[in-house]
Amino acid sequence: MSAPPTASASAEDRSLRLRTLPVGDHGLLVELDSGEAAEALHAELLRRAAAGLLPATREIVPAARTVLLDGLADPERFAAELARWDVPPAARSGARAIEVPVRYDGPDLADVAALWGVTPDEVVRIHSGTEFRVAFCGFAPGFGYLTGLPERYHVPRRATPRTRLPVGSVALAGPYTGVYPRSSPGGWQLLGTTDAVLWDSSREPAALFTPGTLVRFVPQPLDPHPEAAQ
């Protein structure tokens with residue numbers, strides 16, 4: 001006798017191993033085995049919602065390896081349906097895309113170069129040549145966790161976090177790139193800074209980075225006389 005369908009096992013590259021947990025009367029938390037699987041499921045949920053196939057869903061909130069849905073009429077029934085879905089990798093065509101200007105003058109640029117085994121200029125070339133995707137948001141309003149760097153470029157957090165980071169700091173930690181929307185403590189490796197406004201409550205959407213958005217960082221000329229600007 002075959003086991004009940006707790007996960008999709010269809011196409012070779014589209015199978016999802018997942019676990020579902022009820023959240024209240026109308027919510028469902030979907031746990032997946034990787035960040036890539038969570039991104040793929042989130043993208044598929046957004047696609048189906050845009051096509052009117054999830055009419056009762058009020059919110060779809062991705063995280064590192066989970067997706068939370070709220071507003072489901074029958075979460076248990078939806079969980080059973082979800083286990084049979086054929087979910088393709090997250091598509092990039094048609095996604096919202098933005099460019100973020102960056103001054104690559106961060107204090108950890110040389111340390112990241114040493115970790116990668118390249119020069120600082122090569123770090124800039126690799127980072128700015130990568131197309132990132134906002135996997136999920138958190139930590140602070142406007143802070144997005146961006147994926148896209150190959151695993152060989154993942155870096156650890158700093159052994160000693162800084163007590164204060166400048167607004168717009170562009171930084172790395174683990175598999176993620178992030179931009180600090182406001183001054184705060186932080187232990188990520190700083191590559192540079194941007195003047196882009198990450199959070200503006202008068203803007204729609206208020207967050208520059210929203211899940212699914214594609215992001216490219218564009219190197220900007222460095223100030224040859226930084227002391228004069230102070």
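The values are calculated or read from the model by the stated rules, or taken from the named source; none is laboratory data. Being a predicted model, the structure only gives us computed values, none of them experimental. Note: ideal-geometry Cβ built from the backbone for every residue, glycine included; neighbour counts use all protein chains shown. Accessible surface is based on the protein model in full, side chains and every heavy atom, while ligands, DNA and RNA are left aside. Shrake-Rupley method; radii C 1.70, N 1.55, O 1.52, S 1.80 Å.
For the chain, the membrane-span-like helices by this rule, meaning whole DSSP H stretches whose C-alpha atoms cover at least 18 Å of axis and whose Kyte-Doolittle mean is -0.5 or above, are 35-50; this says nothing about an actual membrane.
Element breakdown for the chain at a 1.4 angstrom probe: carbon and sulfur atoms account for 53% of the accessible area.
For the stretch 87-129, the Cα-based Rg and Dmax, in that order, read 14.6, 41 Å.
The label point for A140 and the one for A51, both projected 7 Å from the Cα toward the Cβ, are 3.9 nm apart.
Placing R0 at 30 angstrom, the Cβ-Cβ distance between D25 and I126 gives a FRET efficiency of 0.05 after rounding to 0.05. Full extension of the chain between R182 and D105 yields a length gain of 25.9 nm, computed as 0.36 nm times the residue separation minus the alpha carbon distance. Label-to-label distance, R216 versus T119, with points set 7 angstrom from Cα along the beta-carbon direction: 2.4 nm.
Plainly put, the chain has a radius of gyration that is 1.03 times its Kirkwood radius, both from alpha-carbon atoms, as the Rg/Rh ratio. Across the stretch 94-156 the C-alpha pair distances fall into 5 Å bins from zero in the proportions 4, 14, 23, 24, 22, 10, 3, 0 percent. With the gyration tensor restricted to C-alpha atoms of the stretch 17-134, the semi-axes of the equivalent ellipsoid amount to 37, 15, 12 Å, longest first.
Which longest run of the chain has no exposed loop site in it, a site being GluC sites (Glu not before Pro) in a DSSP loop with at most 15 other beta carbons within 10 Å, and the site itself not part of the run? The longest uninterrupted stretch comes out as 13-130. Think of a 1.4 Å ball rolled over the protein heavy atoms: the chain then has 54 Å² of accessible area per residue.
Relative to the 2.2 N^0.38 Å rule of thumb, the stretch 94-216 has a C-alpha radius of gyration ratio of 0.99.
Estimated from helical segments only, the mean residue ellipticity of the chain at 222 nm is -5500 deg cm²/dmol, where each DSSP H run of four or more residues counts as -39500 (n - 2.57).
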